[in-house]
Amino acid sequence: MNGVTTNLPSDFETDLDVEFLFPKDSRTLWKIVLIGNGAVGKTSIRRRFIGHGFNPVYSATIGADFSTYVVNLGSREIKYQIWDLAGQPHFSEVRQTFYKGTNGALLIYDITNRDSFKNLENWIGELWEHNMKGPIPLILVANKIDLKESGLNLVPRQYAEYLTRKYDKKSRENYGFGIHLIETSARTGENISMAFQILSIQIAVQQRFKQLRMKPS
Ligand code: G3D
Ligand code: MG
């Protein structure tokens, strides 16, 4: 990793090109939202990612919790502010506040709950409409893969792959970032930090893409 020391979880280490993605000594604050139907595992995923430093702040006004988490990449610092909805009864009234300023999202469904899968496109529409910046990176997260062998009726993986390809193509062509599918388990911890890692790369790529496009040639 370019000789840069990090405090990332071990499966967060990759060939991430820190030099290219983050200007030296940069400080970054990213707002990440975790969205998806109730009970898909949003809070569990946030708790897993943040681990023992988990320190929730509840905002009763918008019915959402957030936690902050700092990752150091050498002289670069990424501060995450991670939001998830606590309940959704009056969500329509607060969605503007919830989404505003978001840099990226984990869009989560539960592989044992078909309704949570069917609703994904509505969530994408919401996110892209209400964050005030238009299309922003998101990762499709198929959660509860520890239940794969449970005998429960599962959402076929090909459905999720099909949906991912559709949005991936559209967003690569138009917005400069890709859309990935990742299978996770908040119960076992599998791939949780990987999901944040992939999202972070896509956010950084989109930001660089915008900066490079704005530079006079
Ligand atoms: P939400 O924040 O999206 O509403 P929660 O979802 O994080 O509250 O999770 C809802 C329920 O699903 C919880 O069960 C939680 O333990 C469970 N859950 C979350 N992620 C996983 C996972 O990866 N695997 C399994 N098997 N269960 C998961 P309870 O029973 O506490 O309500
Ligand atoms: Mg929750």
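The values are calculated or read from the model by the stated rules, or taken from the named source; none is laboratory data. Keep in mind it's a predicted model, so treat the numbers as computed, not measured. Heads up, the Cβs are rebuilt from the backbone with ideal geometry, glycines too, and the neighbour counts pull from every protein chain shown. Accessible surface areas use protein heavy atoms only, side chains included; no ligands, DNA or RNA. Shrake-Rupley method; radii C 1.70, N 1.55, O 1.52, S 1.80 Å.
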Only one of Asp115, Asp110 that is charged (D, E, K, R), in contact with a Gly (Cβ under 7 Å, 6 or more places away or on another chain) and on the phi < 0 side of the Ramachandran plot | Asp110
Which residues, counting only those in the stretch 147-196, are in a loop (DSSP other than H, G, I, E, B), of a type outside the set (A, V, I, L, M, F, W, C), over 12 Å from Pro137 (Cα atoms) and open to solvent by 10 Å² or more (accessible area, probe 1.4 Å)?
-> Lys148, Glu149, Ser150, Gly151, Asn153, Pro156, Arg187, Thr188, Gly189, Glu190, Asn191
Kindly indicate which of Asn103, Asn113 is open to solvent by less than 60 Å² (accessible area, probe 1.4 Å), more than 29 Å from Lys210 (Cβ to Cβ) and touching a residue at least 40 places away in the same chain (Cβ under 8 Å).
-> Asn113
Where in the stretch 55-114 are there strands (runs of 3 or more DSSP E), lying fully within it, with 1 or more residues that are at pLDDT below 90?
-> 57-59, 64-73, 76-85
Restricting the search to the stretch 126-171, which residues are closer than 25 Å to Ser185 by Cα and without any contact (Cβ under 8 Å) to a residue 12 or more places away in the chain?
-> Glu149, Gly151, Pro156, Gln158, Tyr162, Arg165, Lys166
Pull up the stretch 15-54, narrow it to residues that are at pLDDT 90 or above and more than 15 Å from ligand 1 (Cβ to nearest atom), then point me to the one that is nearest to Gly101 (Cα to Cα).
-> Lys31
